[in-house]
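Q: Can you keep this structure in mind? I'll have questions shortly.
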Amino acid sequence: MTYFNTPLNIDEVEKLIDQHKKTISKMENSRGWIICSIILLLLITYLISFLGNLLLTIFALFICVIFIFCLINLYPPQTNTDQLENEIKQLTDYLNKLLEEQVRLEEIASRTLYDVTLMIKGLRYNKDSFDKLCQELIKEYDDLPYLGYSTKELTEELIFGGRFYKYPTFDIREVEFIPEVDNEYDPNALKIVVRGYHLGYVAKSKNKKVLRLTTDPNNEVIKIAEIYGGEYKEFAPDENRLRRVSDSFKIRIKLKVLKK
């Protein structure tokens, strides 16, 4: 369905369903009005055939046929109603999913103790590890770079601005927070390890809280490393063509702690 090319919110879906139902109601009313009009025309013509002369009867029949032909052309096809009813069904299914997701998010929000995006301190000292991790993810990437879009398709997409990245955001759940008690600078240091690669540390202002919340057995911990950025293409208006820009990957650690 074309509606789902762009995500709709609950209010938008409900509005579309209501519009479709009103359109179906209008078509059903039109059908009833047209059928009644045809019956009335036939009845009038029948009465004229008894009360009028032959010429008047022929004229009445001629007018009746013309009106009936026009009314038949105005008659809404049943296929239009069937199509709208099918779209209502799809929209209703989509609405139910949105409502279920809303309930799920509300339930998660009620249990959320801590929700933060962590900056990785010391990442510049572990750049080699981060680069190796990025190369590993690129090798595992199944789809074609730039989603397989042609230069023409990318140009049409970017001609009004924006960037199109070579790779999508990589979401990795193999994230660990490991205490480094022998750290000479901070005995509360908390290493961030992603897929076995030590990338850096949790900021000193947050390491105690992160360790306490993530090690509490009464909590449910969601840890996701998002690796994004890298090479992208953009439209260069001064050159009237696509331009490829080499950029570095970046990383953010999403941490959410829920009460079980």
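Q: Restricting to region 223-260, and then to whatever is among the small types (Gly, Ala, Ser) and assigned to a loop (DSSP other than H, G, I, E, B), can you tell me which residue is farthest from residue 151 (Cα to Cα)?
A: 248
Q: I need the strands (runs of 3 or more DSSP E) fully contained in region 147-222, keeping only those with at least 1 residues that are modelled with pLDDT under 95 and under 34 Å from the mean Cα position of the chain (by Cα).
A: 197-202
Q: Does residue 228 qualify as being under 21 Å from residue 124 (Cβ atoms), among the hydroxyl-bearing types (Ser, Thr, Tyr) and at pLDDT 95 or above?
A: When the stated conditions are applied, residue 228 passes them.
Q: Report every pair of residues separated by at least 6 positions or lying on different chains whose Cβ atoms are under 9 Å apart, first residue within region 9-22 and in contact (Cβ under 8 Å) with a residue 60 or more places away in the chain and of a type in the set (S, T, N, Q), second surrounded by 13 or more Cβ atoms within 10 Å (Cβ to Cβ) and in a helix (DSSP H, G or I).
A: 9/98
Q: Quick test for you: out of 204, 250, 260, 233, pick the one residue that is among the charged types (D, E, K, R) and closer than 26 Å to residue 109 by Cβ.
A: Sole residue among the options that is among the charged types (D, E, K, R) and closer than 26 Å to residue 109 by Cβ: 260.
Q: Residue under question is residue 228, and the condition is that it be in contact (Cβ under 8 Å) with a residue 12 or more places away in the chain and aromatic (Phe, Trp, Tyr); does it hold?
A: Considered against the rule, which asks whether it is in contact (Cβ under 8 Å) with a residue 12 or more places away in the chain and aromatic (Phe, Trp, Tyr), residue 228 comes out as yes.
Q: Here are some residues: 148, 162. Which one is under 30 Å from residue 244 (Cβ atoms) and free of Cβ contacts under 8 Å to residues at least 40 places away in the same chain? Before the answer, list the steps.
A: Working: 162 fails: free of Cβ contacts under 8 Å to residues at least 40 places away in the same chain.
Every option except 148 fails the conditions.
Q: Only one of these conditions is not met by residue 135: (1) assigned to a helix (DSSP H, G or I); (2) in contact (Cβ under 8 Å) with a residue 40 or more places away in the chain. Which number is it?
A: Of everything listed in (1) assigned to a helix (DSSP H, G or I); (2) in contact (Cβ under 8 Å) with a residue 40 or more places away in the chain, residue 135 misses just condition (2).
Q: Given the criterion among the aliphatic types (A, V, I, L, M) and under 25 Å from residue 248 (Cβ atoms), identify the matching residue among 159, 138. If you could, list the steps in order and put the result at the bottom.
A: Values: 159 fails: under 25 Å from residue 248 (Cβ atoms).
Being among the aliphatic types (A, V, I, L, M) and under 25 Å from residue 248 (Cβ atoms) holds for just one of 159, 138, which is 138.
Q: Using the structure shown, decide if residue 114 is at positive phi, touching a strand residue (DSSP E or B) at 6+ places or on another chain (Cβ under 9 Å) and touching a residue at least 12 places away in the same chain (Cβ under 8 Å).
A: no
Q: Only one of 170, 160, 164, 249 is in contact with a Lys or Arg (Cβ under 9 Å, 6 or more places away or on another chain) and of a type outside the set (Ser, Thr, Tyr); which? Please lay out each step first, then the result.
A: Values: 170 fails: in contact with a Lys or Arg (Cβ under 9 Å, 6 or more places away or on another chain); 160 fails: in contact with a Lys or Arg (Cβ under 9 Å, 6 or more places away or on another chain); 249 fails: in contact with a Lys or Arg (Cβ under 9 Å, 6 or more places away or on another chain).
After applying the criteria, what remains is 164.
Q: Next up: So which residues in region 92-137 are under 23 Å from residue 194 (Cα atoms) and under 25 Å from the mean Cα position of the chain (by Cα)?
A: Answer for region 92-137, where residues must be under 23 Å from residue 194 (Cα atoms) and under 25 Å from the mean Cα position of the chain (by Cα): 115, 116, 117, 137.
Q: Please determine whether any residue of region 49-68 is in contact (Cβ under 8 Å) with a residue 60 or more places away in the chain and of a type in the set (Val, Ile, Thr).
A: Within region 49-68, none of the residues are in contact (Cβ under 8 Å) with a residue 60 or more places away in the chain and of a type in the set (Val, Ile, Thr).
Q: Moving to a separate point now. Take the residues in region 190-233 that are loosely packed, with under 15 Cβ neighbours inside 10 Å and of a type in the set (Ser, Thr, Tyr); name whichever of them is nearest to residue 260 (Cα to Cα).
A: 215
Q: Output the qualifying pairs, or none if there are none: Cβ atoms under 7 angstrom, residues six or more apart or on different chains, first residue in region 78-97 and touching a residue at least 60 places away in the same chain (Cβ under 8 Å) and part of a helix (DSSP H, G or I), second residue of a type in the set (Gly, Ala, Ser) and loosely packed, with under 13 Cβ neighbours inside 10 Å.
A: The qualifying pairs do not exist here.
Q: Do any residues in region 176-198 that are touching a residue at least 24 places away in the same chain (Cβ under 8 Å) have Cβ atoms under 7 Å from those of residues that are part of a loop (DSSP other than H, G, I, E, B), where the two are at least six apart or on different chains, and which pairs are they?
A: Once the first residue is touching a residue at least 24 places away in the same chain (Cβ under 8 Å) and sits in region 176-198, its partners that are part of a loop (DSSP other than H, G, I, E, B) give 194/174; 195/174.
Q: Output the number of the condition that residue 171 fails; it satisfies all remaining conditions of (1) surrounded by 12 or more Cβ atoms within 10 Å (Cβ to Cβ); (2) in contact with a strand residue (DSSP E or B) (Cβ under 6 Å, 6 or more places away or on another chain).
A: Condition (1) is where residue 171 drops out.
The values are calculated or read from the model by the stated rules, or taken from the named source; none is laboratory data. Here the structure is a predicted model, which means the values were calculated and not measured. Cβ coordinates were reconstructed from backbone atoms using ideal geometry, including for glycine residues, and neighbour counts include every protein chain displayed.
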